[in-house]
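**Q** I have a structure here, written as structure tokens, and I will follow up with some questions on it.
The values are calculated or read from the model by the stated rules, or taken from the named source; none is laboratory data. Given the structure is predicted, the values throughout are model-derived calculations rather than measurements. Cβ placement follows ideal geometry from the backbone for every residue including glycine, while neighbour counts extend to all protein chains displayed. Accessible surface areas use protein heavy atoms only, side chains included; no ligands, DNA or RNA. Shrake-Rupley method; radii C 1.70, N 1.55, O 1.52, S 1.80 Å.
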Protein chains: 2
Amino acid sequence: MPITMHSASVPMFVRMLTNLSKFIEKAEAHAAAKKFDPAVYLVARLAPDMLPFTRQVQIACDTAKFCIARLGGVDAPKHDDNEASLGDLKARIAKTIAFVQSVPAEQISGTEEKDINVPRRDGVLVMKGEAYLKHYATPNFYFHVTTAYALLRHNGVELGKSDFLAGL
Amino acid sequence: MPITMHSASVPMFVRMLTNLSKFIEKAEAHAAAKKFDPAVYLVARLAPDMLPFTRQVQIACDTAKFCIARLGGVDAPKHDDNEASLGDLKARIAKTIAFVQSVPAEQISGTEEKDINVPRRDGVLVMKGEAYLKHYATPNFYFHVTTAYALLRHNGVELGKSDFLAGL
């Protein structure tokens, strides 16, 4: 089967969001073992002017959600950024996985040349579907998943590359 | 044009390796402005049992190099892991970009079902070409590029998302 816009997007998002949820489970287990409040992870940052853990997870989710909504031509479900616990973040990830899996593959495949509009602070960025997937959504998604991983790793959670690549 | 194994791999690697080289230039400029030895970045780590900056860059390069060599059915050039400065790391990145661009697109396209063997400490991992690209090489590549970025950001270099997504 030739690679398609669907096969290059949804399985990647589902795999990595599933793994991200497992990173959070390991953080919960670590906090329980060390007897500290797991909520301390929510506000962890790698630099004072970088976004905290909660935002890293929310943006990873939204990057996947909006990518599939825009490519597939469907409305993205609204997810309020109101998560207040690691459990809430896992629920946000689960909702995101369910959404990206709900869009029929045939609506995503064939969108290589589709015009995609990405609203940004400084105006609307217009890209073709394939460029949007590979040069915008994919790097942005991995940026936030990896930063979430790095934040937990930096703060003592026992994670390794096998967690990051889990599912092989 | 439909997405292909070539269009989904080489342009992504070239874009992000180019950006990684620019992160390093910003680190050099930051060290010069603050009058410290830029070599301190080489050994920076986010956790004592995570790999240092030099290894993050080397592995990002090798992930791209081996991905294109394996998909394209060509021998990967040997790059010794002997970089001792930020300048050396930029040269390693440049060599990697030149290699991945040197493999003809038609040798990479159509490799979705090709058996790819990845030697690992615990044996050989065998995957089909598309799964290897999207579930192994791509996440591994972004893991190391993002961790390199995070290390510089954590250590004061002024980088932002526009550097990470540069080239749009």
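**Q** Among the numbered criteria (1) without any contact (Cβ under 8 Å) to a residue 60 or more places away in the chain; (2) in contact with a strand residue (DSSP E or B) (Cβ under 7 Å, 6 or more places away or on another chain), which one does B:Ala91 miss?
**A** Of the numbered conditions (1) without any contact (Cβ under 8 Å) to a residue 60 or more places away in the chain; (2) in contact with a strand residue (DSSP E or B) (Cβ under 7 Å, 6 or more places away or on another chain), the odd one out for B:Ala91 is (2).
Each row is one residue, and each column tells you yes or no for (1) among the basic types (Lys, Arg); (2) more than 18 Å from the chain's Cα centre (by Cα).
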position	(1), (2)
B:Val14	no, no
B:Thr18	no, no
B:Lys22	yes, no
B:Gln58	no, no
B:Val74	no, yes
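**Q** If you don't mind, there's one more thing I want to ask. Give all pairs with beta carbons closer than 9 Å in which a residue from segment B:98-110 that is among the aromatic types (Phe, Trp, Tyr) meets a residue that is part of a helix (DSSP H, G or I); count only pairs at least 6 apart in sequence or on separate chains.
**A** B:Phe99/B:Ala64; B:Phe99/B:Lys65; B:Phe99/B:Ile68; B:Phe99/B:Ala69
**Q** Inside segment B:116-133, can you point out the residues that are of a type in the set (D, E, K, R) and at the interface with chain A (Cβ under 8 Å from one of its Cβ atoms)?
**A** Result: B:Glu130, single match.
**Q** Could you list, in sequence order, the residues of segment B:99-128 that are in contact with a His (Cβ under 6 Å, 6 or more places away or on another chain) and β-branched (Val, Ile, Thr)?
**A** Selection gives B:Ile108 alone.
**Q** Can I ask one more? Does A:Pro139 satisfy the condition of being under 17 Å from B:Ser162 (Cα atoms) and open to solvent by less than 20 Å² (accessible area, probe 1.4 Å)?
**A** yes
**Q** Let me ask something else. When only residues in segment A:134-168 that are touching a residue at least 24 places away in the same chain (Cβ under 8 Å), more than 7 Å from every other protein chain (Cβ to nearest Cβ) and in a loop (DSSP other than H, G, I, E, B) count, which is nearest to B:Val126 (Cα to Cα)?
**A** A:Ala166
**Q** Scan A:Thr63, A:Thr54, A:Thr18, A:Thr96 and give me the residue that is of a type in the set (Val, Ile, Thr), modelled with pLDDT of 95 or more, touching a His at 6+ places or on another chain (Cβ under 8 Å) and open to solvent by 10 Å² or more (accessible area, probe 1.4 Å).
**A** A:Thr63
**Q** Identify, from the list B:Val74, B:Val118, the residue that is open to solvent by 10 Å² or more (accessible area, probe 1.4 Å) and either closer than 30 Å to A:Arg120 by Cβ or out of contact with any Cys (no Cβ under 9 Å at 6 or more places or on another chain) (or both).
**A** B:Val74
**Q** If you take just the helices (runs of 4 or more DSSP H) that sit entirely in segment A:1-115, which of them hold at least 1 residues that are within 19 Å of A:Leu151 (Cα to Cα) and more than 12 Å from chain B (Cβ to nearest Cβ)?
**A** Passing ranges, in order: A:10-34, A:53-72, A:86-102.
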